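This report refers to the structure that appears directly beneath it.
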Amino acid sequence: MKKIKAFTLIEVMISIFVFSSAMLGFMAFHAHTMAVLFENESTQLAHSLAFNLVDEINAMSYKSFGKLTSNSELSSDWVSDSNLTGFFGSNFKPGPFNSFGQQVSSAATGNYIFHRAMKIDTYSKQTQVYVQDGTYLSTLYHVEVRVTWPKKEYPTKNCGTSYSSTECNILSIPLVRSDENYEKGATNE
């Protein structure tokens, strides 16, 4: 009589168990990778939005930046960039933005809405150092650009009105700029 070669039921069950265990580990790794990828993409978009506004501020003439710094609302509290459209050029796109970086209406609700805001302080107020009037340091301003967006656990949270660090991600980019041109023979245009 010829012996038939085949797998036993125990061998099949053990191989299914080993394969299932490996797949569970792979799926857990995949889920973690997707979460990290989402956080990285969100942070990258926030950096892009923040540096976009910083570039707009740096591109302003001294005269225009002087008008911006004289806005008393900016020195007292955070101001949404949608309230600043008159200070920037015609290509300026105020927020809020969706998770693709596209402009949405200020009344927009949905998942992962990004908000930009800015605040301006004098250099002496920010550093708490006495600065004599008429010096270069007296013309310096500390501008802080902030982008807020909800954490993954709170996708519908409106971070434009609340900066809770438990529910919102916060990214701040500082900028120091003068409102006068101190180069010899330069004009303040």
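Here are some notes:
- Condition check for Lys63 on (1) in contact (Cβ under 8 Å) with a residue 24 or more places away in the chain; (2) more than 22 Å from Glu167 (Cα to Cα); (3) open to solvent by less than 40 Å² (accessible area, probe 1.4 Å): one failure, at (3).
- Just one of the listed residues (Pro155, Pro150, Pro94) is touching a Cys at 6+ places or on another chain (Cβ under 6 Å) and either buried (at least 16 other Cβ atoms within 10 Å of the Cβ) or in contact (Cβ under 8 Å) with a residue 12 or more places away in the chain (or both), and it is Pro150.
- Scanning segment 113-133 for residues that are in a loop (DSSP other than H, G, I, E, B) and under 21 Å from Ile173 (Cβ atoms) gives a single hit, Ile113.
- The lone exception for Phe38 - which of (1) modelled with pLDDT of 80 or more; (2) open to solvent by 60 Å² or more (accessible area, probe 1.4 Å) it fails: (2)
- Set side by side, the residues Asn83, Asn111, Asn71, Asn58 differ, and just one is open to solvent by 50 Å² or more (accessible area, probe 1.4 Å) and closer than 20 Å to Val176 by Cβ, which is Asn58.
The values are calculated or read from the model by the stated rules, or taken from the named source; none is laboratory data. If you're wondering where the values come from, they're calculated on a predicted model, not measured in any experiment. Neighbour counts run over all protein chains shown; Cβ positions are idealised from the backbone, glycine included. Ligands, DNA and RNA are excluded from the accessible area calculation, which covers all protein heavy atoms including side chains. Shrake-Rupley method; radii C 1.70, N 1.55, O 1.52, S 1.80 Å.
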